[in-house]
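The values are calculated or read from the model by the stated rules, or taken from the named source; none is laboratory data. In this text the structure is predicted, and so the values were computed from the model without any measurement. A quick note on method: Cβ atoms are made from the backbone with ideal geometry, for glycine too, and the neighbour counts reach across all protein chains shown.
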Amino acid sequence: MNFANGNSGMNEVHARAKQLIDQHHVEGLSEQERAWLDAHLRDCGECSTVAESTENALRTLRSNAIPFPSGLASRTQFRVRLRAQQLEERAPRRLAIWAIAGVSWALGIATAPYVWQLFAWAGERLHVPKLAWELGFGLWWLIPALIAGAILLAESPRQKFSEGKQRG
Ligand SMILES: [Zn+2]
């Protein structure tokens, strides 16, 4: 490890300490890292406050009756803080949603002539003004967009999406 004898500015040292504080809760530290962190926390009020508040936040999380294992809770929380990992996890789900939206639009386009004829026929039959059934046709086109929007809004609670069935 080269951070012990690095003197490339204190900001880097504090950033390192904060990273180790998080790491300590997620995957644990090596003896060497632990010793370094302990030594730094003894000297640095700022970082020891961070360590304390992290500890307290996790304790509160664990003591509250959260319906999933506390280990998972802290792990999830730190995952969210690691932006790169977060983006990696979200990317495939996004892709699935856009694929569904795309299929939905494609279906809309494919069925458009029939739907248009159906609306025209129904409009003539029921003596509906042309503007009214044209409006209805427009609404038909809006439906896939609305569904895609609803899926996007419900994206986060529906984690099953990315684990969904795969076609073979
Ligand atoms: Zn510090």
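Going by what's in this entry, would Pro67 be described as away from the ligand (no atom under 16 Å from the Cβ) and either modelled with pLDDT of 70 or more or touching a helix residue (DSSP H, G or I) at 6+ places or on another chain (Cβ under 6 Å) (or both)? Against the criterion (away from the ligand (no atom under 16 Å from the Cβ) and either modelled with pLDDT of 70 or more or touching a helix residue (DSSP H, G or I) at 6+ places or on another chain (Cβ under 6 Å) (or both)), Pro67 does not qualify. Taking region 17-60 as the range and being within 12 Å of the ligand (Cβ to nearest atom) and among the aliphatic types (A, V, I, L, M) as the test, the residues that pass are Ala17, Leu20, Ile21, Leu37, Ala39, Leu41, Val50, Ala51.
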